[in-house]
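Structure, as structure tokens:
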Amino acid sequence: MRGNAVVRALVSRRGGGAARSGWVSSLSSCLSNNLISTPDKIQSPNWKLWLLSANSSIASAVAGASATFHLQNRSLQFRRGLCSSTGPSNILYINSDEEFDKIMNDVRGKSSDAIFYFTAVWCGPCRFISPVITELSKQLPHVTTYKIDIDQESVLNTLRNFQISSVPTFFFFHNGKMASQIIGADVGRLKKTADELYRDD
């Protein structure tokens, strides 16, 4: 793998030599596993702990190598499970009960397709699922996604009326009627529900 070669070349130039080939190999493996991986592995890279215990010359060589590797291989940074988007995101924010009521009346009155997404800034699963929602919104331009932050005092009546006790919570409306509800960050179920309700309309 090219990343391994970059690490080895930089360490060799900085005095690594044959005596250090064992740690170069294990470090190369660690770097490639953490830099070319899914986002969940990238959030807690083990190589950072290894760097803390290494001496400064080795650490600087590795830091330079990983920076070089990172810049030369941008296309390999993150791999997404979704296909490429077809257009701009179609996510609108609802900031009050009055705004929610007006939009809900429009969705029902016009027999529209819509997703209501209840979320919170502090919610880890909400942050995890947010890029998936954005991508689905781009793939389904005829479906408007409405995002409601539950920490706004101006939406308390909406939260009570829809009995929101967990986030993320999604309500799927098809032809103006509620068709499905998902509580939690279940990516597979979210994509399956969106496909069943909104594709090939």
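Just so it is clear, none of the values below were taken in a lab; they were calculated from the coordinates. As the structure is a prediction and not an experimental result, all values here were calculated from the model. Glycine gets a Cβ as well: all are built from the backbone with ideal geometry, and neighbour counts include every protein chain shown.
Here are the numbers for this structure:
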| quantity | calculated |
| --- | --- |
| Which listed residue is surrounded by fewer than 20 Cβ atoms within 10 Å (Cβ to Cβ), polar (S, T, N, Q) and more than 22 Å from GLU196 (Cβ to Cβ), from SER111, SER154 | SER154 |
| Subset of region 138-179 (residues that are assigned to a strand (DSSP E or B) and of a type in the set (S, T, N, Q)) | THR144, THR145, THR169 |
